[in-house]
Amino acid sequence: MPTSTDHNQVFENSVLQAAKELLEPKLATLPWHQFELEYHSPTGRARLQVRCQQEADSPVRTLVLSVTFLHDSEELQLSNIMMPLALRWERLGKRTIKAIFEVAHPAGYDLFLIDTVPSFHDRLLKRNARAVTDDIVMITPETDLVSDIGSPKPNSSEVRGYSIFDVLDELDADA
């Protein structure tokens, strides 16, 4: 007979697989990445964490995703979602949130994004997420994580590199 612990681990692995299916092909283009389900003995809570190394010559590791499983209250708390620079503007963060929600919601779990910065919080509200506090939102079936709402991808004519030396030369020429 399956126990609640078995059920919890199956659910945790389903969330892991959803995130992995979406992120693994993209993260594989980077020098290093890791998906890890960690268990914390005092609390009995599980946490999914995804890390990557963006540059081969840098030991810095980036925390891409952190999700804590609160089985007693049937909640997932997503406290970190930060896409590496090489993977920005692909809607990968929102698609990851959607993939996790699509596993959590049918299982009866609520998905909360916690500790959000004000700009991200506001963008999620424009997408019909439900405000819980000033830095927590709840993802609902009405939350639009697909459309280009509030943060359109810039086209190449909008993005231009600058050299500080060119800017200084321009300032000198104007003086």
Considering residues of the range 52-83 that are open to solvent by 70 Å² or more (accessible area, probe 1.4 Å) and among the charged types (D, E, K, R) only, the residue nearest to SER4 (Cα to Cα): ASP72
Residue satisfying all of: in the range 117-137; open to solvent by 70 Å² or more (accessible area, probe 1.4 Å) and touching a strand residue (DSSP E or B) at 6+ places or on another chain (Cβ under 9 Å); farthest from GLN77 (Cα to Cα) among these: ARG130
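Yes or no, residue by residue, for (1) under 14 Å from the mean Cα position of the chain (by Cα); (2) in a helix (DSSP H, G or I); (3) modelled with pLDDT of 95 or more:
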{"site": "HIS105", "(1), (2), (3)": "no, yes, yes"}
{"site": "THR116", "(1), (2), (3)": "yes, no, no"}
{"site": "VAL137", "(1), (2), (3)": "yes, no, yes"}
{"site": "PRO141", "(1), (2), (3)": "no, no, yes"}
{"site": "ILE149", "(1), (2), (3)": "no, no, no"}
{"site": "PRO152", "(1), (2), (3)": "no, no, no"}
Failed condition for ALA86, given (1) open to solvent by less than 50 Å² (accessible area, probe 1.4 Å); (2) aliphatic (A, V, I, L, M); (3) farther than 25 Å from VAL137 by Cα: (1)
Selection within the range 8-33 - open to solvent by 70 Å² or more (accessible area, probe 1.4 Å) and either in contact with a Ser or Thr (Cβ under 8 Å, 6 or more places away or on another chain) or of a type in the set (S, T, N, Q) (or both): GLN9, ASN13, GLN17, THR29
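The values are calculated or read from the model by the stated rules, or taken from the named source; none is laboratory data. All values reported here derive from a predicted model rather than from experimental measurement. A quick note on method: Cβ atoms are made from the backbone with ideal geometry, for glycine too, and the neighbour counts reach across all protein chains shown. These accessible areas exclude ligands, DNA and RNA; they are computed on the full protein's heavy atoms, side chains included. Shrake-Rupley method; radii C 1.70, N 1.55, O 1.52, S 1.80 Å.
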